[in-house]
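Trainee: What follows is a single structure, and I will ask about it in a moment.
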Amino acid sequence: MIRKVTLLAVGALMGATAVSAINSFGGTAEAAGTATYRQLAIFGNVFERVRAQYVTPPAEDKLIESAIDGMLTSLDPHSSYLNQKAADDMRTQTRGEFGGLGIEVTMEDELVKVITPIDETPAARAGVLAGDFISEIDGEPVRGLSLGEAVDKMRGPVNTAIELTILREGADQPIKIKVVRDIIAVKAVRFRVEEDVGYLRVISFTEKTYDDLSDAIETITEEVGEDKLKGFVLDLRLNPGGLLDQAISVSDAFLDRGEIVSTRGRNPEETRRFNSRPGDLTGGKPVIVMINGGSASASEIVAGALQDHRRATILGTRSFGKGSVQTIIPLDTSTALRLTTALYYTPSGTSIQGTGIKPDIRIEQPVPEELRGRVRPSGESELRGHIQGENEDDEGSGSIAYVPPDPEDDVQLGHSLDLLRGVKTDPAFPPSPDQAAVEN
């Protein structure tokens, strides 16, 4: 469990993105000065010296790629060069589907542990069970691989076979299981009914997020009954972000009117505003949004929009504080540039860069004793080279990003359910539209 929590925290820190549509560059730039060209000449000279005189012949493509990486990482932590593999991975993440087996995994005792096989996927049909340990992938030992490396080996082209060596409790010897890869559609939204409350967990903002959310709201409403449904809990904890347009659509699902977010680039004429359309998918039911230090970027756009319009009460701890937007710019058919091109602002005109979303109701999630000291607060303001936020202060952004695996131990969820059912009260719930930070 410790390693799983750590991986989730790293994902929130490194994967936090609000990505705008993929575009080719069509803007203008000032011509470089004479001094710049002198520096480029120096770079060319250094490259030739290294290529010709380094003790062992270097890979020239790696030298160039490293130079590009260095240039971009000097800008901010979120601008980067995407080589073919990174660009493919990015496209896979935003599509929300890939060629694979259909298992959720973590790393434990240097082996890949199956958290659960996803229903109706190749792994489930082949007999992989929750709790299984994968010791070999196609005969290669897992020990010595990182979790990411092991996952990469299990993913691959559709209709190709892979052999897993499984260690299972109760089995007296390893089990060999052959699995044929298929398209795995990852649900961007998971949901369940908590008696008279709908629970919606948005895992990431992919191309499927709004459609998954819409289906979940409709299913919950039909199952509970509109007259008996007390409201919804929208769980954005540990959500590292994703596509900007999906963040806008998810916000729009709960709003009838008003601005959702604005983005402001280098030049004033690049400012863009995104507004909601009539129609609240929940029919105006009360909503509580849960956030923590793992809620970043696109998830902060949703929380900020619903908070400013007083459409929802925000509960939990301060969010990550990533208020920048990256544009994916193709460089050729296989590589791309992820470049920070704008900052986003909540409907009240507030930048959360380096500050995060402050909850209306602060509820700390207790961390188990065995994890204390291992799970620590993280936020944008701690990242070296981050863009300084206009509202950033010494308090910074972020908080501990921990969610207990058992809902029974989830203090933040329990508090949210009690508020929706009227068991507990708080001045911040329900929010009053009359106190909205923007005109509706």
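Trainee: Looking at (1) crowded, with 19+ Cβ neighbours inside 10 Å; (2) closer than 24 Å to L75 by Cα; (3) out of contact with any Leu (no Cβ under 9 Å at 6 or more places or on another chain), which is the only condition N391 fails?
Mentor: All conditions pass for N391, except number (1).
Trainee: Of the conditions (1) assigned to a strand (DSSP E or B); (2) of a type outside the set (S, T, N, Q); (3) modelled with pLDDT under 90; (4) more than 23 Å from the chain's Cα centre (by Cα), M107 clears all except one; give me its number.
Mentor: (4)
Trainee: When only residues in segment 46-77 that are touching a residue at least 60 places away in the same chain (Cβ under 8 Å) and of a type in the set (S, T, N, Q) count, which is surrounded by the fewest Cβ atoms within 10 Å (Cβ to Cβ)?
Mentor: Per the stated criteria, the residue is S74.
Trainee: Within segment 108-143, which residues are open to solvent by less than 60 Å² (accessible area, probe 1.4 Å), more than 20 Å from I203 (Cα to Cα), of a type in the set (A, V, I, L, M) and in contact (Cβ under 8 Å) with a residue 24 or more places away in the chain?
Mentor: L111, V112, A123, A126, V128, I134, I137, V142
Trainee: Return the residues of segment 199-212 that are over 14 Å from the mean Cα position of the chain (by Cα) and either closer than 15 Å to S251 by Cα or free of Cβ contacts under 8 Å to residues at least 60 places away in the same chain (or both); say none if nothing qualifies.
Mentor: Step one: list which residues in segment 199-212 are over 14 Å from the mean Cα position of the chain (by Cα), which gives 199-200, 210-212.
Passing the criteria: L200, Y210, D211, D212.
Trainee: Right, next: Checking the conditions here, which among V403, V423 is touching a strand residue (DSSP E or B) at 6+ places or on another chain (Cβ under 9 Å) and not basic (K, R)? Spell out the reasoning first.
Mentor: Working: V423 fails: touching a strand residue (DSSP E or B) at 6+ places or on another chain (Cβ under 9 Å).
Answer to the check: V403.
Trainee: If I ask for residues that are touching a strand residue (DSSP E or B) at 6+ places or on another chain (Cβ under 7 Å) and among the small types (G, A, S), which ones from segment 295-309 would you list?
Mentor: Listed by number, the residues that qualify are A296, S297, A298, S299, A303, A305.
Trainee: Yes or no: segment 363-372 includes at least one residue that is under 16 Å from K322 (Cα atoms), touching a residue at least 40 places away in the same chain (Cβ under 8 Å), open to solvent by 20 Å² or more (accessible area, probe 1.4 Å) and not polar (S, T, N, Q).
Mentor: The first filter runs over segment 363-372 and keeps only residues under 16 Å from K322 (Cα atoms), leaving none.
No, the conditions are met nowhere in segment 363-372.
Trainee: Something else: Give S378, S399, S416, S432 a once-over and let me know the one that is open to solvent by less than 30 Å² (accessible area, probe 1.4 Å) and at pLDDT below 95.
Mentor: Exactly one of S378, S399, S416, S432 is open to solvent by less than 30 Å² (accessible area, probe 1.4 Å) and at pLDDT below 95, namely S378.
Trainee: Same structure again: Could you tell me whether L343 is among the aliphatic types (A, V, I, L, M) and buried (at least 24 other Cβ atoms within 10 Å of the Cβ)? Steps first, answer last, please.
Mentor: Working: among the aliphatic types (A, V, I, L, M): yes; buried (at least 24 other Cβ atoms within 10 Å of the Cβ): no.
Taking the combined requirement at face value, the residue does not satisfy it.
Trainee: Now for a separate question. If I ask for residues that are open to solvent by less than 30 Å² (accessible area, probe 1.4 Å) and more than 23 Å from the chain's Cα centre (by Cα), which ones from segment 281-299 would you list?
Mentor: The initial filter retains those residues of segment 281-299 that are open to solvent by less than 30 Å² (accessible area, probe 1.4 Å), namely 282, 287-299.
The one that is open to solvent by less than 30 Å² (accessible area, probe 1.4 Å) and more than 23 Å from the chain's Cα centre (by Cα): T282.
Trainee: Shifting gears a bit: Inspect segment 14-27 for any residue being in a helix (DSSP H, G or I), at pLDDT below 50 and closer than 30 Å to V151 by Cα and give the result as yes or no.
Mentor: yes
The values are calculated or read from the model by the stated rules, or taken from the named source; none is laboratory data. Everything numeric here is computed off the predicted structure, so don't read it as measured data. Positions of Cβ are generated from backbone atoms using ideal geometry, with glycine treated the same way; all protein chains shown enter the neighbour counts. SASA here: full protein model, heavy atoms, side chains in, ligands and nucleic acids out. Shrake-Rupley method; radii C 1.70, N 1.55, O 1.52, S 1.80 Å.
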